[in-house]
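Step one of this worksheet: look at the structure below.
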Amino acid sequence: MRLSAYAKKMGVSYKTAFRWWQAGKLDAYQLDTGTVIVREPAQPQEALGVALYARVSSADQKEDLERQVQRLKEYAASHGYQVKKIANEIASGLNDSRPKLMKILTDASIGIIVIEHRDRLTRFGFNYIEQLLKMQGRKLEVMYPSDTDNNLVDDFVAVITSMAARIYGRRNSKRRAEQVKKCIECAMQEEDASQELNPLEGDELAEQR
């Protein structure tokens with residue numbers, strides 16, 4: 001199909017679609033007349049639908065959540081995916097009671113679930129979910145398989161809060177968790193400063209780990 005028709009189908013501007021083609025993100029070619037033709041992607045039979053899932057850990061990251069969703073939309077459009085569902089949630093990656101995620105995972109009409117990073121889906125048990133979906137002829141598609149974001153501290157604090165609630169009671173759990181968080185952030189800042197002063201030493205320590 002023509003690039004203009006493709007852009008209309010994907011719900012993006014012609015300029016955006018043309019930029020994707022120039023960047024090599026589209027399976028397309030240019031005629032002698034200058035017209036850009038996009039090849040129709042061959043959809044696997046099991047991929048009945050595509051869903052996008054985005055997540056952040058806290059309410060003050062709402063803008064990050066919106067940007068994450070936009071990046072997922074652009075990724076899906078550049079791959080020629082027809083997006084059936086878009087779900088976004090504000091919750092810890094350790095929270096296993098996320099209704100929007102559960103709806104996507106249990107929806108047999110969704111063949112591909114696209115996420116930006118592995119930890120946007122879950123902090124633990126990613127491989128189990130991936131294997132279960134494969135058995136159903138479905139799959140998880142990760143935009144950046146080897147990258148992580150910097151929300152690990154927030155999820156770690158969620159674990160500490162839960163443990164502190166059992167030990168000290170819910171009244172003091174949040175305060176103690178915040179104290180732990182400050183200690184972690186302070187240690188991370190000191191480590192960053194140390195690596196800036198001694199970059200070679202930091203690399204050696206990383207190799208030893």
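Details
- Taking residues in segment 89-110 that are modelled with pLDDT of 90 or more, and partners anywhere that are of a type in the set (Gly, Ala, Ser) and in a helix (DSSP H, G or I), the pairs with Cβ atoms closer than 8 Å and at least 6 places apart or on different chains are Ile90/Ala59.
- Wholly enclosed helices (runs of 4 or more DSSP H) of segment 3-89 bearing at least 3 residues within 16 Å of Leu140 (Cβ to Cβ): 62-78
- Among the conditions (1) surrounded by fewer than 16 Cβ atoms within 10 Å (Cβ to Cβ); (2) under 24 Å from Pro145 (Cβ atoms), Ala54 misses just one, which is (1).
- Filter result (surrounded by 18 or more Cβ atoms within 10 Å (Cβ to Cβ) and in contact with a helix residue (DSSP H, G or I) (Cβ under 9 Å, 6 or more places away or on another chain)) within segment 92-104: Ser92, Gly93, Leu101
- In the set (1) surrounded by 12 or more Cβ atoms within 10 Å (Cβ to Cβ); (2) β-branched (Val, Ile, Thr); (3) outside the structural domain of Leu121 (by TED's automatic domain parsing); (4) free of Cβ contacts under 8 Å to residues at least 60 places away in the same chain, the condition left unmet by Val12 is number (4).
- Complete set of residues in segment 90-144 that are among the aliphatic types (A, V, I, L, M) and either assigned to a loop (DSSP other than H, G, I, E, B) or in contact with a Ser or Thr (Cβ under 9 Å, 6 or more places away or on another chain) (or both): Ile90, Ala91, Leu94, Leu101, Ala108, Ile110, Ile129, Met143
- Figure legend. Inter-residue proximity from segment 65-88: first residues within 11 Å of Ala54 (Cα to Cα), second residues part of a loop (DSSP other than H, G, I, E, B), beta-carbon distance below 7 Å, spacing 6+ or different chains. Indicated pairs: Gln68/Glu116; Arg71/Glu116; Leu72/Glu116.
The values are calculated or read from the model by the stated rules, or taken from the named source; none is laboratory data. Just so it is clear, the structure is predicted and the values come from calculations on it, not from any experiment. We place every Cβ from the backbone using ideal geometry, glycine too, and count neighbours over all the protein chains shown.
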